[in-house]
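Asker: Sharing a structure below in structure tokens format, with a few things to ask.
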Amino acid sequence: MTKQCKTSVDPGHVVIDVGDGAAIPKPSDKGLVSAWRLSFAGALIVLACLLYFKPDPYLRIFKFVPDGILVTFQVTVYSIALALVFGLITGLGRISRNKYVNLVASTYVEIVRGVPLLVQLFYIYYALGRLVHVPDLLAAVLSMSVCYGAYMGEVFRAGITAVPVGQTEAARSLGFNRTQTMYHVILPQAWRTILPPVGNEFIALLKDTSLVSILGVADLLRRGREYASESFQYFETFTMVAVIYLIITLILSKLVSIMEERLSHHVKR
Amino acid sequence: MSNDNPIIRITDVSKYFDQVAALQSVSLDVAAGEKVVIIGPSGSGKSTLLRTINRLEDISRGKIVVDGFDLDDATVDINKVRMEVGMVFQSFNLFPHKTVLQNVTLAPIKLKGMTKADADAMAQKLLDKVGILEKADVFPAKLSGGQQQRVAIARALAMNPKIMLFDEPTSALDPEMIGEVLDVMVRLAREGMTMVCVTHEMGFAREVADRIVFMDEGQILEVATPAEFFVSPKHPRTQKFLEQIL
């Protein structure tokens with residue numbers, strides 16, 4: 001705090017500190033970092049307490065679900081990778097000057113945005129499953145990434161159009177063609193603006209993978225339901241499931257913010 | 001200083017934005033090694049004219065031939081032409097995600113297949129020439145406007161162009177930084193570079209230009225040597241313009 005503004009109504013009593021005038025806290029602000037630490041430490045402590053003080057049933061649940069965690073992790077990672085590809089293609093399609101490419105990309109976004117993810121899951125799994133056999137995991141990954149690809153397409157489009165037109169002109173005037181300009185100049189810059197919202201999508205995607213438990217996919221939630229329906233210990237089971245989801249999500253959000261920091265560091269120095 | 005074989009030949013070029021004419025039947029030849037300064041009030045089409053030379057702006061009518069390439073010929077690879085034509089912008093447009101050195105080496109490495117070592121060596125020479133070698137490993141955001149513009153000039157020179165286009169290179173600069181950029185441009189001119197500059201710097205125009213082109217409302221009203229232009233302008237619009245700014 002470099003500057004302080006003191007307002008005294010009753011002299012010596014009311015002191016209003018408005019800080020250094022920066023309305024938006026910087027990422028380096030300690031107050032923001034501690035929110036993550038607090039949640040993460042809290043989640044770990046809750047987990048440890050449950051396992052230590054009530055090993056029955058919590059430890060048993062904890063031993064029952066790990067293969068579900070693995071499946072959740074698989075679905076998430078494959079879907080993120082595929083959604084990024086779909087997103088980039090869609091984003092580029094949405095800014096394409098070719099009207100057919102543009103139309104296809106825009107229609108894809110409109111349709112996918114307009115149908116609930118759960119309905120899309122059912123559609124790919126059951127409706128398409130009648131025509132061709134789609135393995136469970138593939139159906140899950142396909143529907144997740146088709147859905148999130150559309151959302152990410154919008155994020156990519158916004159990020160690309162946010163790069164000043166002068167950057168394109170500078171690159172083109174040096175002799176770069178459209179593709180080279182996009183690859184060497186525009187996308188690396190767009191990636192900076194894109195990363196925070198894409199990080200949010202990653203986290204939302206991870207949580208939405210719980211929907212695939214409706215299908216035959218034995219993810220974390222599905223394993224939890226299996227345990228609960230055998231033991232009737234619904235409260236304990238879903239407490240454990242929620243804590244595990246929270247821990248995984250927090251780790252992912254930390255990874256995203258580390259990446260974000262690296263990128264901004266690279267530019268601002 | 002007309003020439004039978006100009007490096008830039010602009011013939012009867014018109015350009016319309018919707019219904020508004022940005023350029024009306026503009027013709028101009030630039031000889032190799034010549035320095036042409038385009039001046040005129042804002043909105044007169046001078047930047048638009050400059051930007052048609054490397055086809056950052058398409059034209060509606062007419063013909064532009066640069067270094068023997070007809071820009072509207074579908075068989076001409078515009079990217080090849082652009083490699084021969086360096087451009088410096090009012091707003092610098094350095095690549096913020098690259099260091100100063102990488103800004104200069106990016107195009108030679110990717111477009112000319114230069115090795116990184118060769119490109120680095122060449123870039124260092126150019127950065128030394130524009131007097132900013134000590135900032136080679138810094139990101140552009142850390143530089144002043146004048147420094148950024150000098151890097152932008154080095155970046156354009158790195159492609160070893162035959163022609164350099166300057167689009168109001170000092171208009172976005174603090175007054176005290178204008179000199180350092182103009183110095184670099186004057187030195188470049190003395191080395192014999194073909195230059196077309198849109199600028200408001202009359203001192204620079206007087207010192208460097210072989211010919212001054214005066215534009216208003218999308219038309220070239222007068223072409224003259226600096227001596228004629230500043231001492232005895234012919235067109236009444238030119239006289240009025242000069243009265244206002246001098």
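Readers should treat all values here as calculations from the given coordinates under stated rules, not as data from a laboratory. The shown structure was predicted, so the numbers you read here are calculated from the model rather than taken from an experiment. Here the Cβ positions follow ideal geometry from the backbone for every residue, glycine too, while neighbour counts run over all protein chains shown.
Asker: Only helical DSSP H runs with n ≥ 4 go in: add -39500 (n - 2.57) per run for chain B, normalise by residue count and round the 222 nm mean residue ellipticity to 500 deg cm²/dmol.
Answerer: Dividing the helical sum by the residues of chain B leaves -11000 deg cm²/dmol.
Asker: How large is Rg over Rh for the protein assembly as shown, taking Rg from the Cα atoms and Rh as the Kirkwood inverse mean of 1/r across Cα pairs?
Answerer: That ratio is 1.12, to two decimals.
Asker: Which percentage, to the nearest 5, of the DSSP beta bridges contained in the protein assembly as shown is antiparallel?
Answerer: 55 percent
Asker: Could I ask something else about it? Which helices of chain B meet both criteria: a Cα extent of 15 Å or more along the helical axis and a mean Kyte-Doolittle score no lower than 0.5, with helices taken as whole DSSP H segments?
Answerer: Span-like helices, by this rule, are B:100-112, B:175-190.
Asker: Residues of B:94-101, mean number of Cβ from any other protein chain within 10 Å of their own Cβ, rounded to a whole number?
Answerer: The mean count of partner-chain Cβ atoms within 10 Å per residue comes to 5.
Asker: Using Cβ counts within 10 Å as a stand-in for footprinting exposure, how do B:Met193, B:Met83 rank, fewest first?
Answerer: B:Met193, B:Met83
Asker: OK, next. Please identify the DSSP H helices in chain A that span no less than 27 Å along the helix axis (Cα) and have a mean Kyte-Doolittle hydropathy of 0.5 or more.
Answerer: Details: long enough: A:30-53 (33 Å, 1.58); A:66-94 (40 Å, 1.37); A:136-162 (39 Å, 1.07); A:187-208 (29 Å, 0.25); A:234-268 (50 Å, 0.95).
Span-like helices in chain A: A:30-53, A:66-94, A:136-162, A:234-268.
Asker: Return the distance in nm (one decimal) between the two label points of a simple spin-label model at A:Arg37 and B:Asp72, each offset 7 Å from Cα along Cα→Cβ.
Answerer: It is 6.8 nm.
Asker: Separate question: Exactly which trypsin sites (Lys or Arg not before Pro) in region A:64-124 are in a DSSP loop and have at most 13 other Cβ atoms within 10 Å?
Answerer: For trypsin sites (Lys or Arg not before Pro) across region A:64-124 that sit outside H, G, I, E and B with at most 13 neighbouring Cβ atoms in 10 Å, the list reads A:Arg97.
Asker: Ranking A:Ser173, A:Ser264 by Cβ neighbours within 10 Å, fewest first, what do you get?
Answerer: Sorted ascending by nearby Cβ count, the order is A:Ser264, A:Ser173.
Asker: Evaluate the relative contact order of chain A (contact order divided by residue number), counting alpha-carbon pairs under 8 angstrom at least 6 apart; express in whole percent.
Answerer: Computed value for chain A: 24 percent relative contact order.
Asker: Now, a different point. Can you pull out the chymotrypsin sites (Phe, Trp or Tyr not before Pro) in region A:188-269 that DSSP calls coil and that have at most 13 other Cβ atoms within 10 Å?
Answerer: Numbers: sites: A:Trp191, A:Phe202, A:Tyr227, A:Phe232, A:Tyr234, A:Phe235, A:Phe238, A:Tyr245; in loops: A:Phe232.
Sites meeting the loop and neighbour criteria: A:Phe232.
Asker: Between the DSSP loop rule and a limit of at most 12 other Cβ atoms within 10 Å, which GluC sites (Glu not before Pro) in region B:183-246 are left?
Answerer: Of the GluC sites (Glu not before Pro), the ones in loops of region B:183-246 whose Cβ has at most 12 other Cβ atoms within 10 Å are B:Glu191.
Asker: If we count other beta carbons within 10 Å of each Cβ, what is the order of B:Arg150, B:Arg211, fewest first?
Answerer: Details: B:Arg150 29, B:Arg211 22.
Going from sparsest to densest Cβ surroundings: B:Arg211, B:Arg150.
Asker: Any chance you could check the Cα centroid distance between region A:75-94 and region A:138-194 for me, in angstrom?
Answerer: Distance between centres, Cα-based: 12 Å.
Asker: Let me know the whole percent of all Cα-Cα pairs from chain A that are separated by more than 31 Å.
Answerer: Result: 45 percent of Cα pairs exceed 31 Å.
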